[in-house]
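Okay, structure first, notes after.
The values are calculated or read from the model by the stated rules, or taken from the named source; none is laboratory data. These numbers were taken from a predicted model, which means no experiment stands behind them. Backbone-built Cβ (ideal geometry, glycine too); neighbour counts: all protein chains shown.
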Amino acid sequence: MNKGSVFIISGPSGSGKDTLLVRLFEKCPELKFSISSITRDMRVGEVEGEKYNFISREKFEKMIEEDMLLEYNCYVGNYYGTPKEPVIRATEEGFDIVIEVDVNGAANIRKKLPEAISIFIMPPSFEELERRLTGRGTDSKEVIAKRMESSLGEIKRAAEYDYIVVNDDISTAVDDIISIINASGLTLKKQSQILKEVLEKC
Ligand code: 5GP
């Protein structure tokens, strides 16, 4: 059995990454998702164990001490981390797994898992990013400006990724990600076993 692959997905606020991921998992239910451990408070609508495990600072620091995290970052005063064991277990069992992290988390995972495939979700244009960030009409100008600055900072690091998927039309963007996942399963490295089996019978 082939090992599964690790897919790192990042995208700035305004890229539409969250909706895209929901659609991706609807279309590919066999795909695993890496649930991050985080120390921030749960927001309204969030469910424990769905996207995040909400844990105490003490528990998080113990996970750091015991080397249980593939990577972690401190973001606006809270810890966010990717537990190592579920990622290793999923790939050992032959499942592909998606890890959604920010650009720093992605860089740290690449150092430990250089074979991981990274995908950056890009808004179609600067104007569209601005439109999406201002669209909700609930945030102050300052908050929008901060989000814009943070998104642009992330976009500047998109060149660190293997693939860039433009999220203009959501169905097309989801299909683009599925194409990347499917193609990664057809590389020579992944197909070496079948090649060996066929040649053995020659
Ligand atoms: P939020 O608090 O809005 O859910 O997430 C804040 C940021 O943390 C987002 O950029 C998100 O991609 C990032 N994030 C979520 N999980 C992880 C993780 O496990 N590790 C790191 N480094 N960042 C994460």
When every residue in segment 69-94 that is surrounded by fewer than 16 Cβ atoms within 10 Å (Cβ to Cβ) and farther than 26 Å from PRO12 by Cβ is compared, the one farthest from the ligand (Cβ to nearest atom) is GLY94
Please note which strands (runs of 3 or more DSSP E) are completely contained in segment 1-67 and include at least 1 residues that are under 21 Å from THR172 (Cβ atoms) and modelled with pLDDT of 95 or more. 6-10
Got at least one residue in segment 32-47 being more than 12 Å from the ligand (Cβ to nearest atom) and free of Cβ contacts under 8 Å to residues at least 12 places away in the same chain? yes
Quick check on ALA183: is it of a type in the set (A, V, I, L, M), surrounded by 11 or more Cβ atoms within 10 Å (Cβ to Cβ) and within 24 Å of the chain's Cα centre (by Cα)? yes
Note on ASN108: of the conditions (1) closer than 17 Å to GLY14 by Cβ; (2) within 13 Å of the ligand (Cβ to nearest atom); (3) free of Cβ contacts under 8 Å to residues at least 60 places away in the same chain, unmet is (1)
In segment 3-13, which residues are surrounded by fewer than 24 Cβ atoms within 10 Å (Cβ to Cβ) and small (Gly, Ala, Ser)? GLY4, SER5, SER13
Please find, among ILE121, ILE164, ILE177, the residue that is within 24 Å of VAL101 (Cβ to Cβ), in a helix (DSSP H, G or I) and modelled with pLDDT of 95 or more. ILE177
Return the residues of segment 124-148 that are part of a helix (DSSP H, G or I) and among the hydroxyl-bearing types (Ser, Thr, Tyr); say none if nothing qualifies. THR134
